[in-house]
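As structure tokens, the structure follows; a few thoughts come after it.
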Amino acid sequence: LPMPLGQHKLLVSFAPITPGQEAKALPYSYLEAALAHTVCGLAGPPPLAKAAATRDALQAMAYLTDCLLISTHGEAVAGHADRFRLYLADGPLTAQHLLSVPGHHGVHLKPGVTVLCSACFSAIGQLKASDETVSPVTAFLSEGANSVTSTLWPVDDLATCFLMVFLLKAFARGTTLADALKLAQAQVRQLSADDAVARLLSWEKVLNEGHMVPAEVIGLIWSAVAEMALCSQPPNTVLAQDSYQRANMILTNERSPYLATIERRRESADLTKGSTHPRYGAPYPFANPYFWAGLVAHSLI
């Protein structure tokens with residue numbers, strides 16, 4: 001049976017600023033981790049962020065947690081499990097790294113742990129001579145996980161941030177992982193831009209009033225507000241401009257490594273230049289299955 005609220009411990013391990021991968025920073029993966037520890041009602045140690053999210057840290061902490069969230073870059077070549085890479089601060093982690101085999105100790109998980117992996121391509125594996133594929137999913141299950149979520153294709157980090165917050169809130173209430181995922185996908189699919197802005201502003205208020213979080217996290221919330229304001233019908237350009245200014249000021253003061261990514265996305269979202277991003281021009285910015293259908297759940301029972 002799923003454990004009720006308060007009995008789950010959450011470990012967040014992510015490193016969007018991997019050496020050599022600075023151009024691929026995932027700002028809303030950081031926001032996802034911060035929200036998981038604050039607005040979702042899950043206990044546990046602080047998120048392992050940026051340089052702290054190493055393979056050694058994952059190895060050391062994985063056995064201590066009931067719920068492991070890994071939100072970072074993932075890359076894969078279909079049919080080649082040995083080419084999958086889950087990027088942490090000190091380098092890539094492969095499916096083989098996760099597995100315990102003769103001469104190598106994998107990542108030892110607490111028996112029955114739930115692993116939430118929102119990295120791109122983390123469901124992709126390689127068919128072996130046996131009756132299963134070798135993938136991060138089968139590696140986590142082999143090392144003791146009871147349930148795993150993973151992705152079938154590259155995912156949008158803002159849509160995934162919303163989805164994982166909705167999932168974790170349902171999961172913390174005692175909903176099974178599969179049902180929590182189904183509920184979260186429906187919520188993301190039906191989330192209007194105005195509702196997204198309202199949720200982000202409510203989370204910003206909660207973080208400012210009741211939690212000690214880095215100012216950088218607040219800056220990322222304002223950046224997300226700006227992106228969602230541009231998805232409103234009609235686009236709320238006044239709110240978007242004000243929110244981008246707030247985000248830029250905070251992220252600049254914090255010398256945030258995410259600032260360049262935020263600026264690049266702001267440019268791509270410029271509606272005066274004919275942005276063709278699938279978020280824009282629709283009443284529900286994440287209704288397209290691309291944004292929510294790629295996350296799948298696996299379980300031993």
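The values are calculated or read from the model by the stated rules, or taken from the named source; none is laboratory data. Nothing here was measured: the structure is a model prediction, and the numbers come from that model. Cβ: placed from backbone, ideal geometry, glycine included. Neighbour counts: every protein chain shown. Protein only, heavy atoms only, side chains kept; ligands, DNA and RNA dropped before computing areas. Shrake-Rupley method; radii C 1.70, N 1.55, O 1.52, S 1.80 Å.
Numerical summary
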| item | result |
| --- | --- |
| Condition broken by residue 141, with the remaining ones in (1) open to solvent by 10 Å² or more (accessible area, probe 1.4 Å); (2) touching a helix residue (DSSP H, G or I) at 6+ places or on another chain (Cβ under 7 Å) satisfied | (2) |
| Conditions (1) at pLDDT below 80; (2) within 24 Å of residue 35 (Cα to Cα); number of the one not met by residue 113 | (1) |
| Residues within segment 72-82 that are closer than 13 Å to residue 120 by Cα and modelled with pLDDT under 70, tallied | 2 |
| Counted residues, segment 179-195 - those being hydrophobic (A, V, I, L, M, F, W, C) and open to solvent by 60 Å² or more (accessible area, probe 1.4 Å) | 1 |
| Residue that is farthest from residue 73 (Cα to Cα), among those in segment 146-175 that are of a type in the set (A, V, I, L, M) and open to solvent by 10 Å² or more (accessible area, probe 1.4 Å) | 152 |
| Residue match in segment 99-106 (condition: surrounded by 18 or more Cβ atoms within 10 Å (Cβ to Cβ) and either at pLDDT 80 or above or touching a Pro at 6+ places or on another chain (Cβ under 7 Å) (or both)) | no |
| Yes/no for residue 69 being under 25 Å from residue 176 (Cβ atoms), modelled with pLDDT of 80 or more and in a strand (DSSP E or B) | yes |
| Test: residue in segment 20-37 that is at pLDDT 80 or above, open to solvent by 50 Å² or more (accessible area, probe 1.4 Å) and more than 30 Å from residue 199 (Cα to Cα) | no |
| Output for segment 226-256, where each listed residue is of a type in the set (A, V, I, L, M, F, W, C), touching a helix residue (DSSP H, G or I) at 6+ places or on another chain (Cβ under 6 Å) and surrounded by fewer than 18 Cβ atoms within 10 Å (Cβ to Cβ) | 239 |
| Cross-chain or 6+ apart pairs with Cβ under 6 Å, segment 38-66 first and in a helix (DSSP H, G or I), then modelled with pLDDT of 80 or more and open to solvent by 40 Å² or more (accessible area, probe 1.4 Å) | 55/90; 63/108; 63/110 |
| Answer residue from segment 38-73, given it is surrounded by fewer than 22 Cβ atoms within 10 Å (Cβ to Cβ) and among the hydroxyl-bearing types (Ser, Thr, Tyr) and is farthest from residue 92 (Cα to Cα) among those | 38 |
| Breaking point among (1) open to solvent by 60 Å² or more (accessible area, probe 1.4 Å); (2) under 19 Å from residue 38 (Cβ atoms); (3) polar (S, T, N, Q), for residue 223 | (1) |
| Failed item, numbered, when residue 272 is tested on (1) within 30 Å of residue 142 (Cβ to Cβ); (2) modelled with pLDDT under 90 | (1) |
| Pair list, Cβ under 6 Å, 6 or more apart: segment 179-190 residue touching a residue at least 40 places away in the same chain (Cβ under 8 Å), other residue among the aromatic types (Phe, Trp, Tyr) and not in a helix (DSSP H, G or I) | 185/292; 188/286; 188/292; 189/292 |
| Where residue 198 falls short, out of the listed (1) aliphatic (A, V, I, L, M); (2) surrounded by fewer than 24 Cβ atoms within 10 Å (Cβ to Cβ); (3) touching a residue at least 60 places away in the same chain (Cβ under 8 Å) | (3) |
